[in-house]
2 protein chains.
Amino acid sequence: MAIMDDIDSAIVRELQTDARQTNRELAARIGIAPSTCLERVRALKARGAITGYHAEISLPALNRHVQALVAVQIRPLSRAVIDDFKTYLYGLPEVLSAFILAGGDDVLVHVAVQDVEALHAFLMDRFTKRREVVSFRTSVIFEHTRNRVVAPLGEPRA
Amino acid sequence: MAIMDDIDSAIVRELQTDARQTNRELAARIGIAPSTCLERVRALKARGAITGYHAEISLPALNRHVQALVAVQIRPLSRAVIDDFKTYLYGLPEVLSAFILAGGDDVLVHVAVQDVEALHAFLMDRFTKRREVVSFRTSVIFEHTRNRVVAPLGEPRA
DNA sequence: CGCTGCCGCCGAATTATGTTCGGTGCACCT
DNA sequence: AGGTGCACCGAACATAATTCGGCGGCAGCG
């Protein structure tokens with residue numbers, strides 16, 4: 001799983017940038033034959049290095065104009081309670097992602113909703129009513145930038 | 001930009017699940033002709049509803065075994081300083097994404113590094129030395145789950 | 001030092017897919 | 001009721017994915 005040479009790195013970089021470019025384009029960009037390229041891409045997926053290909057959708061286009069982060073404290077802090085809460089979150093369409101944390105807060109939830117009114121309603125309906133949620137703090141997100149191309153770290157050439 | 005019928009929703013859902021399935025598969029799954037499907041996908045991209053297609057890479061495969069969230073306070077809190085800091089963050093390979101926030105903290109940074117030692121080094125080298133960073137709190141991430149399929153909100157059928 | 005076996009890359013042939021374009025039906029407007 | 005426009009469809013053409021046999025380089029062994 002740790003073996004990843006320059007060619008693999010280049011493939012991973014290109015597919016993070018555009019996952020829908022053709023295998024021929026990809027091969028040409030990297031400088032290998034299409035058949036070789038196909039083989040390596042398949043190996044990366046089989047190895048678990050590439051876990052999937054996903055379209056990125058504009059949140060405004062999905063009628064979600066407000067994003068927020070909600071830092072939640074959970075009690076009692078047991079595995080069962082956390083797992084239940086995770087499952088609960090996963091079923092909420094407003095939730096984009098959830099972080100289970102070490103430290104002050106237990107869970108950080110990234111949500112995207114229609115507007116501030118919907119945010120308020122969401123918090124009241126989905127968090128206040130939960131018994132395991134003893135407190136939460138909400139921060140509205142002004143801007144969220146993602147670094148789409150993630151490269152290997154450490155000794156660059158394995 | 002807000003017009004998105006059932007077929008568009010289905011396309012968006014499918015492409016979020018697997019962006020590399022063939023246009024024919026996609027069309028068959030949804031129940032329309034490949035040519036129609038191609039047209040709609042192109043329209044969605046042209047309209048800005050689909051912003052891109054990205055491969056998802058396993059962080060451990062990239063030699064990043066530790067993730068953390070760093071809540072940063074910036075002073076002075078001016079646009080110029082924030083923009084500079086954003087640009088700075090964007091250039092750091094360890095940074096996965098950054099949130100600009102309203103409320104207690106100003107910026108929340110999601111990082112992925114090799115191990116806890118590398119996390120410590122990263123914080124010391126990249127944050128402590130910055131003049132505009134007046135304080136930061138770091139939370140190690142035990143688990144991060146993403147909701148990959150994001151559906152339109154509000155009135156479901158536009 | 002040379003031989004041999006193995007692994008990965010390549011290129012052509014086959015199969016499948018993307019893409020274009022003209023026609024058709026439905027719905028809406030008048 | 002007639003006309004107009006839009007979206008969808010299906011066949012034809014261009015392009016790409018996939019397979020597979022063979023070649024070359026490298027390593028390990030004799």
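Note down the nm distance, to one decimal, between modelled labels 7 Å out along Cα→Cβ at residue A:28 and at residue B:35.
Calculated label separation equals 2.7 nm.
GNM on chain B, C-alpha springs below 10 Å: top fluctuator among B:98, B:33, B:118?
Maximum among the listed residues: B:33.
Nearest 10 degrees is fine. How inclined is helix A:6-17 to the longest principal axis of chain A, computing both from alpha carbons?
50 degrees
Tell me the relative contact order for chain A as a rounded percent, counting alpha carbon contacts under 8 Å between residues six or more apart.
Once divided by the residue count of chain A, the mean separation gives 30 percent.
Taking residue B:25 in one copy and the same position in all the others, each labelled 7 Å out along Cα→Cβ, what are the pairwise distances from the first, in nm, shortest first?
1.8
Point me to the residue of chain B whose C-beta lies closest to the B-onto-A rotation axis, rounding the distance to whole angstrom.
B:19, 3
Using all alpha carbons of chain A, what is the percent of pairwise distances in each 5 Å bin, ordered from the shortest bin to the longest?
1, 7, 15, 15, 12, 11, 12, 11, 9, 5, 2, 0
Express the accessible area of the protein assembly as shown per residue in Å², computed with a 1.4 Å probe while the remaining protein chains stay in the model.
Using a 1.4 Å probe on heavy atoms only, each residue of the protein assembly as shown averages 50 Å².
Taking each label point as 7 Å beyond Cα in the direction of the beta carbon, state the distances from residue A:103 to the same residue in the other copies, shortest first, in nm.
1.5
In straight Cα distance, which aspartates and glutamates are under 17 Å from residue B:86, not counting same-chain residues fewer than 8 positions off?
In chain and number order, the partners are A:143, B:94, B:105, B:106, B:125, B:132.
Taking a point 7 Å out from Cα toward Cβ as the label site, list the nm distances between residue B:131 and the same residue in every other copy, smallest first.
5.5
Net charge near residue B:47: determine it from the other residues with C-beta under 15 Å of the C-beta of residue B:47, scoring Lys and Arg +1 and Asp and Glu -1.
Result for the neighbourhood of residue B:47: -1.
For the pair A and B, how large is the buried accessible area, both sides, in square angstrom to the nearest 100, if the probe is 1.4 Å?
Buried surface at the A/B interface: approximately 5800 Å².
The values are calculated or read from the model by the stated rules, or taken from the named source; none is laboratory data. Note that the coordinates shown come from a computational prediction; the quantities given were computed from them, not determined experimentally. Neighbour counts run over all protein chains shown; Cβ positions are idealised from the backbone, glycine included. All accessible areas refer to the heavy atoms of the entire protein, side chains included, with ligands and DNA or RNA removed. Shrake-Rupley method; radii C 1.70, N 1.55, O 1.52, S 1.80 Å.
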